[in-house]
Amino acid sequence: MGFKKSRLPEFISSFALFEVGSTTLFQIGAEAKQDAWLVMLLGALAGLLLLLMHLAIHRLDPKRDLFELCRTYFGKVAGTVFGSVFAAYFAYEASRNLRDLGELASYMLLNRTPIGIIILIATLVIANSVRYGPHAVFLTCLVMIPFIMVSYFILISMIAGVGLIHVENMLPVLENGLQPVMKNVLDVISFPFGQTVLFLVFFPMIHDEKKLRRSILVTYGLTALFLILVNQINVLVLGPKLAETLTFPLLQVVQQIELVEVFERMDILFVLVLFIGLGTKLVLFYIGAVAGGSRITGTPYKKWVIPFAIAILGMSFISPNFTHHLWVGIDVVLKWYPIIQIGLPVILMILMLVRKNKRGGEEEQQMV
């Protein structure tokens, strides 16, 4: 399996859309109430450290992707096991995004259509995109990123322009101390900032290695600030208690926009933007899972598109309803994600550094 090389702008566009993804759909750090911005900020800083580690791993061995790195440095057996864990994680995350997309479409646009039909059609469309590989998806993201940026700018400007923002909803800061903030930070690292481990699959595809580090870090910083702003808008408009209880708080905020009886139903624009973000995240996770299946077994990439489509479709129906789906995502799986997002990459990097130092020592001995 050899992916076609991609240029940096299209890769950066995909990274930004991936980070935004479905994050704006939910209230992150809701238990911290008005201090949700502080939870997001600390989570983003921790996520930055993880991203720096991912870039360091790539720099140590730039020609191998995540699955090849696992087999090279963990050994064939352990590397296959850990590679399979990453592939399963990517597939499960794709299934969660698929369920989110289906629930949102059913709630906002197709409330008379069975959610099973919506998710099945979405799976067929997404699978067809995955079949062409990441390069085609990256190009699509490059085309879509200006629309996403303009749409969010319009929505935020209108929210501020019609007087919906109430700064006093942020006060008092740290009313209940640091405990509620620190309690939620690990979950925020897991979603969305720790998910950048997926890009260890895609880093070897980039043409311009010299500018990759700086471009990724700048993009991450700007995206993180944007997510903190959007997340806190829910608190500023709705208040901390209401923002915590609503399933889709920002959607509720956007629905309150009414400007001179002309600009109404802005929620449709927001839903369209969400579909693009969810779709991008779903496709990239799906590609990561398919790439894993291909690398681990040594079989062609396209042979794994349909098996993973079936698996992702099936996993999206694990929860009987959306409330259970959210509970599983927040209270169950997020507790285990640090093992995959933090633990395994840390061990991988340590093994890479040990091998590099050992190799360097052997070369010095030979020179002597």
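Derivation of every value follows stated rules applied to the coordinates shown; laboratory data play no part. Everything quoted here is computed from the prediction, not taken from an experiment. Positions of Cβ are generated from backbone atoms using ideal geometry, with glycine treated the same way; all protein chains shown enter the neighbour counts.
Points worth noting:
- With a Förster radius of 22 Å applied to the beta-carbon distance between R112 and V150, the computed FRET efficiency rounds to 0.10.
- Alpha carbon convex hull of the chain, volume per residue in cubic angstrom: 144 Å³
- Using the average count of surrounding beta-carbon atoms within 10 Å as a protection proxy, the listed peptides 132-143, 186-197, 280-291 rank, highest first, as 280-291, 186-197, 132-143.
- Pairwise centroid distance, computed over Cα atoms, of segment 165-192 with segment 128-151, Å: 33 Å
- If you take the Cα centroid of segment 294-344 and the Cα centroid of segment 70-109, the two points sit 4 Å apart.
- Between S6 and I206, H207, the built amide H atoms are under 5 Å apart, and every one of these is 5 or more places off in sequence or on another chain.
- Hydrophobic, long helices, defined as DSSP H runs whose alpha-carbon span along the helix axis is 20 Å or greater and whose mean Kyte-Doolittle value is at least 0.0, occur in the chain at 36-60, 76-108, 115-131, 134-161, 209-238, 267-297.
- Counting only Cβ charges, +1 for Lys and Arg and -1 for Asp and Glu, the dipole size of the chain around its Cα centre is about 1560 debye.
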